[in-house]
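Working notes, structure below.
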Amino acid sequence: DRLRLIIVGEGPCRQQLVAQVRSLNIEERVSLPGASDNIPEVMSGLSLYVQPSFAEGISNTILESMASGLAV
(Lines give C-alpha, C1' and ligand atoms only; values in the text may rest on other atoms or scores of the structure.)
Protein backbone atom coordinates (compact mmCIF):
# COMPACT_ATOMS: atom_id res chain seq x y z
CA ASP A 1 0.00 0.00 0.00
CA ARG A 2 2.89 2.40 0.64
CA LEU A 3 4.80 1.79 -2.58
CA ARG A 4 4.92 4.74 -4.97
CA LEU A 5 6.82 5.16 -8.22
CA ILE A 6 8.07 8.56 -9.37
CA ILE A 7 9.55 8.87 -12.84
CA VAL A 8 11.22 12.26 -13.31
CA GLY A 9 12.24 13.46 -16.74
CA GLU A 10 11.21 13.71 -20.34
CA GLY A 11 11.90 11.35 -23.17
CA PRO A 12 10.58 9.87 -26.37
CA CYS A 13 8.53 7.19 -24.56
CA ARG A 14 6.82 9.55 -22.09
CA GLN A 15 3.41 9.62 -23.80
CA GLN A 16 3.42 5.84 -24.16
CA LEU A 17 4.26 5.54 -20.45
CA VAL A 18 1.46 7.94 -19.49
CA ALA A 19 -0.98 5.89 -21.56
CA GLN A 20 0.18 2.65 -19.98
CA VAL A 21 -0.19 4.04 -16.45
CA ARG A 22 -3.74 5.14 -17.30
CA SER A 23 -4.64 1.83 -18.94
CA LEU A 24 -3.43 -0.07 -15.87
CA ASN A 25 -5.38 2.31 -13.61
CA ILE A 26 -2.34 2.95 -11.39
CA GLU A 27 -2.30 6.76 -11.45
CA GLU A 28 -2.58 6.88 -7.65
CA ARG A 29 0.71 4.94 -7.33
CA VAL A 30 2.72 6.41 -10.23
CA SER A 31 3.78 10.02 -10.56
CA LEU A 32 5.18 11.37 -13.84
CA PRO A 33 6.11 14.99 -13.07
CA GLY A 34 8.25 15.44 -16.19
CA ALA A 35 11.48 17.42 -16.21
CA SER A 36 12.61 19.05 -12.98
CA ASP A 37 15.15 21.74 -12.15
CA ASN A 38 14.95 20.88 -8.45
CA ILE A 39 16.39 17.37 -8.30
CA PRO A 40 17.80 17.66 -4.74
CA GLU A 41 14.30 18.38 -3.43
CA VAL A 42 12.85 15.49 -5.44
CA MET A 43 15.53 13.12 -4.12
CA SER A 44 14.93 14.20 -0.53
CA GLY A 45 11.48 12.59 -0.73
CA LEU A 46 12.72 9.25 -2.07
CA SER A 47 13.79 6.04 -0.36
CA LEU A 48 15.42 4.35 -3.36
CA TYR A 49 16.96 5.47 -6.66
CA VAL A 50 17.02 3.33 -9.80
CA GLN A 51 19.02 4.26 -12.91
CA PRO A 52 17.03 2.81 -15.82
CA SER A 53 19.80 2.98 -18.40
CA PHE A 54 21.64 0.25 -20.23
CA ALA A 55 24.22 2.64 -21.67
CA GLU A 56 25.40 4.79 -18.75
CA GLY A 57 28.20 3.34 -16.66
CA ILE A 58 28.41 6.00 -13.96
CA SER A 59 26.02 8.88 -14.24
CA ASN A 60 25.91 12.06 -12.18
CA THR A 61 22.47 11.11 -10.93
CA ILE A 62 23.83 7.93 -9.33
CA LEU A 63 26.57 9.93 -7.60
CA GLU A 64 24.04 12.59 -6.50
CA SER A 65 21.75 9.89 -5.13
CA MET A 66 24.54 8.28 -3.18
CA ALA A 67 25.59 11.70 -1.82
CA SER A 68 21.98 12.23 -0.72
CA GLY A 69 22.06 8.97 1.23
CA LEU A 70 19.69 7.12 -1.07
CA ALA A 71 19.99 3.42 -1.74
CA VAL A 72 20.99 3.00 -5.39
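The values are calculated or read from the model by the stated rules, or taken from the named source; none is laboratory data. These numbers were taken from a predicted model, which means no experiment stands behind them. In this analysis, Cβ positions are derived from the backbone assuming ideal geometry, glycine residues included, and neighbour counts consider all displayed protein chains. Only protein heavy atoms, including side chains, enter the accessible area calculation; ligands, DNA and RNA are left aside. Shrake-Rupley method; radii C 1.70, N 1.55, O 1.52, S 1.80 Å.
Looking at (1) within 14 Å of the chain's Cα centre (by Cα); (2) surrounded by 10 or more Cβ atoms within 10 Å (Cβ to Cβ), which one does A67 not meet, given that it meets all the others?
Looking at each condition in turn, A67 falls short on (1).
When only residues in the stretch 5-29 that are open to solvent by 90 Å² or more (accessible area, probe 1.4 Å) and in a loop (DSSP other than H, G, I, E, B) count, which is nearest to T61 (Cα to Cα)?
E10
Go through the stretch 45-55 and give me each residue that's over 10 Å from V8 (Cβ atoms) and open to solvent by less than 90 Å² (accessible area, probe 1.4 Å).
Matches in the stretch 45-55: G45, Y49, Q51, S53.
Against the conditions (1) surrounded by 10 or more Cβ atoms within 10 Å (Cβ to Cβ); (2) of a type outside the set (F, W, Y); (3) modelled with pLDDT of 90 or more, where does V42 fall short? Just the number, please.
It fails just one condition, (3).
From the list I58, I62, which one is open to solvent by less than 80 Å² (accessible area, probe 1.4 Å) and at pLDDT below 90?
The unique qualifying residue is I62.
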